[in-house]
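The values are calculated or read from the model by the stated rules, or taken from the named source; none is laboratory data. All of these numbers come straight from a predicted model, not from anything done at the bench. Here the Cβ is made from the backbone with ideal geometry for all residues, glycine too, and neighbour counts use every protein chain on show.
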Amino acid sequence: MLASLIFYLFATVLVASAVMVVTARNPVHAVLFLILCFFNASGLFVLMGAEFLAFILMIVYVGAVAVLFLFVVMLLNIDFKSMRQGLRRQLPLGLGVGALLLVELAVMALHWSSDSQAFSALSTVEMVNQATNVDSTRALGRLLYTDYFYPFQVAGLILLVAMIGAIVLTLRDRKRVKRQNAAEQMDRRPEDVVEIRKVKSGEGAL
Amino acid sequence: MNVENIYATFPELFLASCALMLLLFGVKRGNDATLFTGLIAVVVCLAAGVLLIKLPSFVEPGQAQLGVSALCHGCKAFGGMFINDAFAQFVKVLLLLASAIAIMLSWGYMERHGLERPEYPALILFATLGMMLMVSANDLLALYMGLELQSLALYVLASFRRDHVRSSEAGLKYFVLGSLSSGMLLYGISLLYGYTGSTGFEALAHVLAGEPPIGVVLGLVFVCAAMAFKVSAVPFHMWTPDVYEGAPTPVTAFFAAGPKLAALALFVRVLLQPLAGLEHQWVQVVVFMAVASMLLGSFAGLAQSNIKRLMAYSSIANVGYALVGMAVANEAGVQALLVYLSIYLVNTLGVFGVILCLRREGVMAEKIADLAGLSKSHPLLAVAMGIFMFSLAGVPPLAGFFGKYFVFLAAVQAGMLPLAIIGVLTSCVAAYYYLRIIKVMYFDDATEAAVDPVPEFSLRIVTGGAALLMLLFVFMPTPVIDSALAAAHSLMPQG
Amino acid sequence: MLLDLAAVFLPLLGALVVGLFGRSLGDRASQLVTCAGVLAAAVASVLIFHDVALSGGDTHAWVLANWITSGDFKVNWGLKIDTLTAVMLVVVNGVSAMVHIYSIGYMSHDKGVPRFMAYLSLFTFFMLMLVTSDNLLQMFFGWEGVGLSSYLLINFWYEKASANSASIKAFLVNRVGDFGFMLGIFGCYLAFGSVQFDVMFQKAPDLMQSSFSFLGASVPTLTTLCLLLFVGAMGKSAQLGLHTWLPDAMEGPTPVSALIHAATMVTAGVFMVARLSPVFEFAPDALAVVAVVGALTAIVAASIGLTQFDIKRVIAYSTMSQLGYMFFALGMSAYPAAVFHLMTHAFFKSLLFLGAGSVIHALSGEQDMRKMGGIWRKIPFTYAYMWIGSLALAGIGIPGVMGMAGFYSKDIILESAFAAGMTHHQAFGVTAYVLGLIAAFMTAFYSWRLLLLTFHGTFRGDHHTLEHAHEAPWSMLGPLVPLALGAILAGKFGYDLFVGEAMAEFWRDSILTLSYFPPRETHLGVGTTIQFAHHVSDWVGLLPLVVALAGIFMAYVFYVWAPSLPGKCARGLGALYRLVFNKYYFDELYNAVFVRTAQRVGKALWTTGDDAIIDGYGPNGVAALAVRLSQRASALETGYVYHYAFAMVIGLAGFVTWFWFWA
C-alpha cells in the first residue's frame, strides 16, 4: 500500500517535471527540472530494489551530466525565444501526432499483462535472481562480466570513441602559444646558442 | 573465456587492437604521421579482410579451403550474441574494402584542408569495427552496441572539418537525429524484450512464431524506424542530403558506402531472422519505405545543383531499390540485395573519387555546373564519370544494370510486379539526373577555368579501378553472384 | 564463276573506290575506274550470254553466302544466271557502259563528277543484283537499291528545288509499289514456305486452285500474290496509276534518264513478271489485269506524248508507252516478246535519250522544243542518230527484207495480242491489239513531231544559243554508235532467237509459257501465244507499219506543210486537248486525294495528336510534373533539425497507426 503510494508520488512528479523540462521558459529552470526528473527516477529504481542503478543515476547523471549541462547553458546564453519561433504554428500538429502516439502506446501497454508467454519468461528471470539470493549490485556485476561481457566491452569502445571525438572536435593545437620546458632550459649551454663575431667598425648590422 | 570466442571474433579483435595501437602511435607522432597511419589503416583493413576469408581454414584444418561462401552456418560466440555466418562474412569483406578505399580517398583532401590528423583513420577503423559488430549481431543488445559504436564514430567524422560551419552543422544534425533514432530503437527493443522476455535472435524467432501481440508489432515498427534512419529510407531520410553535403567529401564517400551497407545488412538480418514470424507485418513497412524512397530519391534529385546533395538523393533512391530486394523476403531477394549493394558500393565510391578530383585552384568544385567541359580538360576522368553515371542509371552492359536487374527479377518472381514496375519507372526518372551529368561534362562549354590536374595516385587508382569493375562486371559476374547466394542461403532458416 | 562475279561485282568495286576516294582520285581517274569496271563487266556479260544463251550451256547458279537464317526461313546471297538473266546482263551492262562513257563528255563541266560516276556504278550493281537474284528477297534488295540510286541521281543537282521534289516524288510513288511487292513477298513465303524461286516454281502448279479467306471472302491465292507483286512492278515500271514520277524524274542529268529511266530500271517490272512467269502462268486472272493495265498505259502515255513540248518528257512518255506494250505482251503470256521488246527498246530508247542529251548539250541546256528548230545542219551526227532512234521506235521496216529493231519487236507483240484474242484471251486480245495500233500511230506521230520541231523549220530560240550550238564531242557521239547499231540490227538478228524458230532452244526453262487449246478448231492444235502469233493473217503484221507511216505523214502535214494546223486542232479539241496536255490531271488528282489529305491528317495528328496529347501528357507533361514534384520534394529539406525530427516522428506515428487500425 505504502509502496504503491510512493510509486505514484515519484511517478507523478517524474512526469510533471519532465513536462516542465520541455516547457520551461528559462533554460536554467529546465535543467533544474531535469535534475528533479533524475531524482524521481532513481527513487523508482530504489523501489524496485535496484539500488545500484539508483545511485549510479544520482552520481553520474545528477552529479556529472546535469551539472555540466547547467554550466553549458549558463555559459552559452542561448536565446531560447528565437528558437521557439514557429512553435505556435506547429504546436497543434505536433500535439496531435504526439497525442495519437501516446494513446496508441498506452492502449498497447494495457494489453501487456494478458500476454502470458512473455510474462512467464520474465518472471522466470526474476525467480532465478531471487534464488541466487545475492544483492543487485553483485548480480549486476556477475552478469556484466559473464553473460553480457561482449556488450560491456563494446560499451568501453564506445566511450573511447566518444572521448576521441570530444578531443578531435575541441582540442586546439595553438602554435603561437609559448610553453615553458624546464628540461630544455636546463640543458641550454652558452656555447650551443651564443656566437661571438668580430665586427669592423662602421660595418655593423643595421 | 572460451577459445572459440576469440576465433570467431578474431578479425574484429585484430581490427580493434590495431585501431588502439594506431591511435597511440598517432598521438605520439602527432599530425605529421597522418599519411603513415592512414597507410597502416588501409593495410589493417585489407589484412582483416584476408583474415576473415582465410581464418576458417586455419581454425578448422579438417575442412579444406572453404572461403567466404562455404562457411559453417552460425559460428557463434559470446553466448550467441555474436554470429559469423557467410552472410556476415560477405558483408564484412565489402565493408573492409569500402573503409580501405575511403581512407585512400581522404589523403589529398585532408592534407589540403589542414585536417591531417591521426584520429581520422582511427575513427574510420572504429566505425568499421562497429559496422562489423552490427553485421554480426545476434542479439538485440549486441545490435545496439554495434550500431552506437558505428554511429558515434560517424557523428565525429561528419563534423571532422570543425572549422567549417557546414561540416559542424552536418555532424550536429546527424547526432541529434541519430539520438532520436537510437531512442526509437531502444524503445522498440524494450518492447520486444517486454513481450518476449528475450533479446537473443534465436529466442525471439522461437517466441514470435505464432500470431504476434500488438506490442510486438509496435516494437517491430520502432526497430524498423530506427533501421530506416540508418539506411536513410523515406520518411527517415531527412538528414541525408544535409549531412552528405556538409560532411567532408571523403567522409561522405564513406557514408554512402560502408554504413549504408552495414545498416542494410543488419536490417535484413533482423527482419529475416528474429522477426521472420512477423513477415506479414514488416513487409508492409518495407514496401512502403521502398516505394517512398524510390519516388523521393528519384524526383527530389532532379532539382539538385550540388553534386554531393545529388548523390545523397541518389543514395536514397538506391536504398529504395535495395529495399525491394528486402521486401521480397526470400533467398533470391536477399541475394539480389547483396549483389545490388556490392555493385552500388563500388559505383558510389568511384563517383566520389571523381568528385574528389574536381578542384579549382585548390577549392573543391561541388556544383554540377563545375563539371562543364570536363571531357575536354580531363577526358579520362570524364570517361570514368560517364561509366559511373551510366552504371547508376542502369544502362547495360555496365554493372549497375545487373544490380537493378537482379532486384527487379526477384521482385517479379515473387509476384511483386507493381514494386518492380515502380522501380523501373523511378529509375527512368533518376536516369535523367545521371545523364544530365554526362551531358554537362560532354556538351556544355566550360564557363570557368578548368579544374586542376588530378593529383593523387590513390584517387586515380580508386576511380580507375572502380570504373574498370563497373565495365568488366558483365564478364565476371559469377564470383559476386555465387558468394551472394551463399550469403543469402546462410541467412535463411535451415531445413 | 569468276566471270559471273566480275559481271556483277566490278561495278560495285568501281562505285566503292570512286565513292569513297573520289575526291582524292580526281575526275579523270574516277571516270577511268568506273568506266573500266563497267566495260569489263559488259565484256563479261557478253561472254556469259554467249555461254548460257547461245551455246546452250547450263544455268549458272551460285550460293555466295548465307544472308538470313531464322527458323525455317533461309535466304542466301546467290547468283542465278539463265538465258533471261543473261539477256538482262547484256542489256544492263552494255547500256550502262555506253552511258558511263557518254557521261565523261556530258558531265565534263560538272563539279560532282566522281559522285556522279560512283552513283552510276552503284546503280548498275544494284540492277545486276536484281536480275541475278535467285530469290525474291535478294531481288527486293536490288529493287530497293535501284530505287535508292535513282533517288540519288534524280536529285544529283540537289541545289535545284525541282530536282528535290522530283526525287522525293519518285521515291514515294515507288514506295507505294514496293509496299505491294513486300506484301507479295510475305505472301509468297506464307504460300510457298520459301522465297527461293526454284521452290516457288515447283509448288506453283499445286496452288492454282487454292484460296484463302480474307474478310470473309474466299480469295484465290496465286492471283492475289501475283497482283501484289505486279503492284510492285507497276511502281517501278511506271504503269498507269503509279506512273507520275517518271516524267518528273527527267530532272536528273540526261545520261541518268537514258540508263535508269529508259533502258534498265523501269524495265525491272517487266523482268520481274517474266522471271516469275512460272507463277504468273497459273494465275490467268492476274495476267488479264497485267494486259489491261499495260494496254491502257501504252495508249494514255502515247497520247500525252503528243502534246508535250519538253524534249525529254516526250521521250519519257514514249518510254512509258513502250513499257505498256511490254506489259500487255506479258499479260498475253508472250513473255519472250516482252523481253525482246525490252531489249530492242533499251537500245533505241537510250539512243534517243542520249541524242536528246546531245541536242540539249548543243543548245546550252534548252529543253523546250518550241525554242528549237532547224539545227540539223549544226549537229548532223546527232540528227542522224535521232532519225535512227525514231525509225526504230516507230517500227519502220520493209516487210520480208529488213526493218529497224522496233519493227520486229512491236510487230510480234501486236501479233501475239491478236493471236491471243483469237485463241484464249478473247476479250482482251483484240482490244489490246487495237489499242496497240492506235498507240503505234501516236508513237510515230510524236516521234516525227519531235524530229521536225527540233531539227527542221527555223530556229525559234535565242540567236546566241544558236551561234553557240555545236556538235557534241566524240566521247558522247562514240558510245552512240553501238546503240545505233543495236537499234538497227537487234530486231533482225534477235528475232529468231527470242521469238522465232530458235525460241525454245534459246529460253529453255528460264521462261515458262503454257500451251492452250484454241477454243475454235484451227489447223494449229496446241500451242503458246507466240506460236499462234506466227500464224496470224499477214494484214495483222502489216497494219502497224501502215499506221506508223500514216503517223509520220500526219506529222509532216502538221509541222511542215501546214504549221497552223496544230494550234487549230488544239483549239478545236478544246477540253479534250487540255485533258491530254495536262496529263489527264493525274498529278492534280493525286494531290487533291492523297497529298492534301495526308497533309491535313498529318497536321491534325501533329498538333492535336502529338503536341497536345502525346507530348502534352507524355514527355512534356511528365517532365513538367517531375520538375514540380522535384521542387516539392526538395522543399521538404528545410534545414531545420526539428522539422527533420518531426518528420521522423510523423512517419513513426503513421506506421504505428497503420498497424493499430488497418493491419
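If you scan the stretch C:540-573, which residues turn out to be under 33 Å from the mean Cα position of the chain (by Cα) and surrounded by fewer than 13 Cβ atoms within 10 Å (Cβ to Cβ)?
Residue satisfying the conditions is C:Leu542 alone.
For the list (1) aliphatic (A, V, I, L, M); (2) in contact with a Gly (Cβ under 6 Å, 6 or more places away or on another chain); (3) closer than 30 Å to B:Gly277 by Cβ, I need the number of the one condition that B:Ala329 fails.
(2)
Output the number of the condition that C:Phe282 fails; it satisfies all remaining conditions of (1) over 17 Å from the mean Cα position of the chain (by Cα); (2) under 30 Å from C:Val359 (Cα atoms); (3) not charged (D, E, K, R).
(2)
Give the number of residues within the stretch C:633-663 that are closer than 21 Å to B:Phe175 by Cβ, surrounded by fewer than 17 Cβ atoms within 10 Å (Cβ to Cβ) and out of contact with any Leu (no Cβ under 9 Å at 6 or more places or on another chain).
Residues in the stretch C:633-663 being closer than 21 Å to B:Phe175 by Cβ, surrounded by fewer than 17 Cβ atoms within 10 Å (Cβ to Cβ) and out of contact with any Leu (no Cβ under 9 Å at 6 or more places or on another chain): 4 in total.
Tell me, which helices (runs of 4 or more DSSP H) wholly within the stretch C:255-361 include 2 or more residues that are within 25 Å of C:Met129 (Cα to Cα)?
Because the criterion is at least 2 residues that are within 25 Å of C:Met129 (Cα to Cα), the helices (runs of 4 or more DSSP H) in the stretch C:255-361 that meet it are C:268-275, C:277-280, C:311-331.
Can you pull out the helices (runs of 4 or more DSSP H) entirely within the stretch C:555-663 that have at least 3 residues that are free of Cβ contacts under 8 Å to residues at least 24 places away in the same chain and at the interface with chain B (Cβ under 9 Å from one of its Cβ atoms)? Let's see the steps before the verdict.
Details: elements: C:565-573, C:575-581, C:586-590, C:596-604, C:619-635, C:641-661.
Correct list: C:619-635, C:641-661.
Can you tell me how many residues within the stretch C:461-495 are farther than 19 Å from C:Trp387 by Cα, among the charged types (D, E, K, R) and either surrounded by 13 or more Cβ atoms within 10 Å (Cβ to Cβ) or in contact with a Ser or Thr (Cβ under 8 Å, 6 or more places away or on another chain) (or both)?
1
Can you work out which of the residues in the stretch B:224-243 that are more than 11 Å from chain C (Cβ to nearest Cβ) and outside any loop (DSSP other than H, G, I, E, B) is surrounded by the fewest Cβ atoms within 10 Å (Cβ to Cβ)?
B:Lys230
Just the residues that are in contact with a strand residue (DSSP E or B) (Cβ under 8 Å, 6 or more places away or on another chain) and part of a helix (DSSP H, G or I), please, taken from the stretch C:208-223.
The one that is in contact with a strand residue (DSSP E or B) (Cβ under 8 Å, 6 or more places away or on another chain) and part of a helix (DSSP H, G or I): C:Thr221.
Out of the residues in the stretch B:111-143 that are within 8 Å of chain A (Cβ to nearest Cβ) and surrounded by fewer than 24 Cβ atoms within 10 Å (Cβ to Cβ), state the one that is nearest to B:Phe78 (Cα to Cα).
Checking each candidate, the answer is B:Leu141.
Looking only at residues in the stretch A:8-24 that are out of contact with any helix residue (DSSP H, G or I) (no Cβ under 7 Å at 6 or more places or on another chain) and either of a type in the set (Ser, Thr, Tyr) or outside any helix (DSSP H, G or I) (or both), which one is farthest from A:Phe71 (Cα to Cα)?
A:Tyr8
Test A:Asn133 against the criterion of being modelled with pLDDT under 80, more than 8 Å from every other protein chain (Cβ to nearest Cβ), over 31 Å from the mean Cα position of the chain (by Cα) and over 21 Å from B:Phe222 (Cβ atoms), and give yes or no.
Yes; evaluated as a whole, the condition is true for this residue.
State whether one or more residues within the stretch B:248-260 are buried (at least 24 other Cβ atoms within 10 Å of the Cβ), among the aromatic types (Phe, Trp, Tyr), within 14 Å of chain C (Cβ to nearest Cβ) and touching a residue at least 24 places away in the same chain (Cβ under 8 Å).
No, the stretch B:248-260 has no match at all.
Run B:Phe160 past the list (1) within 14 Å of chain A (Cβ to nearest Cβ); (2) buried (at least 24 other Cβ atoms within 10 Å of the Cβ); (3) part of a helix (DSSP H, G or I) and report the number of the one that doesn't hold.
Going through (1) within 14 Å of chain A (Cβ to nearest Cβ); (2) buried (at least 24 other Cβ atoms within 10 Å of the Cβ); (3) part of a helix (DSSP H, G or I) one by one, B:Phe160 breaks only (3).
Starting from residues that are among the small types (Gly, Ala, Ser) and surrounded by fewer than 12 Cβ atoms within 10 Å (Cβ to Cβ), keep the ones in the stretch A:54-85 and report whichever is modelled with the lowest pLDDT.
Looking at the filtered set, the residue picked out is A:Ser82.
Of everything in the stretch B:289-303, what is assigned to a helix (DSSP H, G or I), within 11 Å of chain C (Cβ to nearest Cβ) and either touching a Pro at 6+ places or on another chain (Cβ under 9 Å) or of a type in the set (A, V, I, L, M) (or both)? Give them in sequence order.
Selection gives B:Met289, B:Ala292, B:Leu295, B:Leu296, B:Ala300.
Can you go through C:Leu2, C:Leu20, C:Leu32 and tell me which one is within 25 Å of C:Phe271 (Cα to Cα), surrounded by fewer than 17 Cβ atoms within 10 Å (Cβ to Cβ) and free of Cβ contacts under 8 Å to residues at least 24 places away in the same chain?
Going through C:Leu2, C:Leu20, C:Leu32 in turn, the sole match is C:Leu2.
Hey, can you tell me all the residues within the stretch C:188-200 that are in contact with a Phe, Trp or Tyr (Cβ under 9 Å, 6 or more places away or on another chain), assigned to a helix (DSSP H, G or I) and touching a residue at least 40 places away in the same chain (Cβ under 8 Å)?
C:Tyr189, C:Met200
Pick from C:Ala170, C:Ala166, C:Ala233: which is modelled with pLDDT of 90 or more, surrounded by fewer than 24 Cβ atoms within 10 Å (Cβ to Cβ) and among the small types (Gly, Ala, Ser)? Spell out how you get there, then give the answer.
On the way: C:Ala170 fails: surrounded by fewer than 24 Cβ atoms within 10 Å (Cβ to Cβ); C:Ala233 fails: surrounded by fewer than 24 Cβ atoms within 10 Å (Cβ to Cβ).
When all the criteria are applied, what remains is C:Ala166.
Have a look at B:Gly108, B:Gly200, B:Gly171 and point out the one that is in contact (Cβ under 8 Å) with a residue 24 or more places away in the chain, within 11 Å of another protein chain (Cβ to nearest Cβ), surrounded by fewer than 23 Cβ atoms within 10 Å (Cβ to Cβ) and among the small types (Gly, Ala, Ser).
Answer to the selection: B:Gly200.
Take the residues of the stretch C:390-442 that are among the aliphatic types (A, V, I, L, M) and assigned to a loop (DSSP other than H, G, I, E, B): which is surrounded by the fewest Cβ atoms within 10 Å (Cβ to Cβ)?
So in the stretch C:390-442, the residues among the aliphatic types (A, V, I, L, M) come out as C:391-394, C:396, C:398, C:401-402, C:404-405, C:412-414, C:417, C:419-420, C:422, C:427, C:430, C:432, C:434-435, C:437-440, C:442.
This time we only want the ones that are assigned to a loop (DSSP other than H, G, I, E, B), so: C:396, C:401, C:404.
Working: C:Ile396: 19, C:Val401: 7, C:Met404: 26.
Among those residues, the one meeting the criterion is C:Val401.
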